[in-house]
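The values are calculated or read from the model by the stated rules, or taken from the named source; none is laboratory data. Just so it is clear, the structure is predicted and the values come from calculations on it, not from any experiment. Reconstructed Cβ throughout: ideal geometry from the backbone, glycine too, with neighbour counts over all protein chains shown. Side chains are part of the model used for accessible areas, which takes the heavy atoms of the whole protein and leaves out ligands, DNA and RNA. Shrake-Rupley method; radii C 1.70, N 1.55, O 1.52, S 1.80 Å.
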Amino acid sequence: MEQRLIDVLRRLNRVTLLHKVHVHNLLSDTGVWGSQIPILLYVSRNPGCTQTDIAAHLMVSSPSIATSIKRLQKAGMLEKNADAADMRCNHITLTPRGQRTVDRGRGYYEQVTDRMLQGLSAREIDLLSDLLVRMEDNLAGEEYRDKTLLCLAAAADGPQNEAKEEAQRP
């Protein structure tokens, strides 16, 4: 492979990681990290959802996110309320602290994204988007087309995560 192509791929990875690092650094005082962010975002858009709903959306097993939900509860970000008709089922909502964290996170995400795209014209951003969509389609195929980022990250980490995920399934 040409060095030029290797450099392009390295830069794509680096830009993604730098964006993530900057957003996480801005959120560091909240105690929220990694896979907890998509959970908070999902609950903010789907108040009253269940752990099973969250797992289905993130395309992971329900037990695999149980620890994150418990930590977010302990941190005062989420609360669980038992379903009146089925006490085994819990509905999950954001606490006011959780909502403030989501709002801050969205603001930080926009701030970092604006910084990243600084100096690019609307036409350049459209072109970049079109190119990235084509590249994603080329790689995704049927196997990965509908997978979430969290699922893709787990798959990229290799068989050890797949085995761990399999072991957690009921």
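Could you check, for the stretch 152-163, whether at least one of its residues is touching a Leu at 6+ places or on another chain (Cβ under 6 Å) and either closer than 16 Å to Gln36 by Cβ or modelled with pLDDT of 95 or more (or both)?
No.
Which condition breaks for Ala153 when tested against (1) without any contact (Cβ under 8 Å) to a residue 40 or more places away in the chain; (2) farther than 22 Å from Leu58 by Cβ; (3) surrounded by 13 or more Cβ atoms within 10 Å (Cβ to Cβ)?
So Ala153 meets the others, but not (2).
Taking the stretch 93-136 only, how many residues are closer than 23 Å to Thr50 by Cα, open to solvent by less than 70 Å² (accessible area, probe 1.4 Å), part of a helix (DSSP H, G or I) and of a type outside the set (A, V, I, L, M)?
4
Inside the stretch 23-54, can you point out the residues that are open to solvent by 70 Å² or more (accessible area, probe 1.4 Å) and either of a type in the set (D, E, K, R) or modelled with pLDDT under 95 (or both)?
Answer for the stretch 23-54, where residues must be open to solvent by 70 Å² or more (accessible area, probe 1.4 Å) and either of a type in the set (D, E, K, R) or modelled with pLDDT under 95 (or both): Asn25, Asp29, Trp33, Arg45, Thr52.
Does at least one position in the stretch 71-91 carry a residue that is in a helix (DSSP H, G or I), aliphatic (A, V, I, L, M) and open to solvent by less than 60 Å² (accessible area, probe 1.4 Å)?
Within the stretch 71-91, one or more residues are in a helix (DSSP H, G or I), aliphatic (A, V, I, L, M) and open to solvent by less than 60 Å² (accessible area, probe 1.4 Å).
Here is a yes/no grid of residues against (1) at pLDDT 90 or above; (2) under 15 Å from the mean Cα position of the chain (by Cα); (3) open to solvent by 30 Å² or more (accessible area, probe 1.4 Å); (4) hydrophobic (A, V, I, L, M, F, W, C):
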| site | (1), (2), (3), (4) |
| --- | --- |
| Arg11 | yes, no, yes, no |
| Val21 | yes, yes, yes, yes |
| Met59 | no, yes, yes, yes |
| Ser64 | no, yes, yes, no |
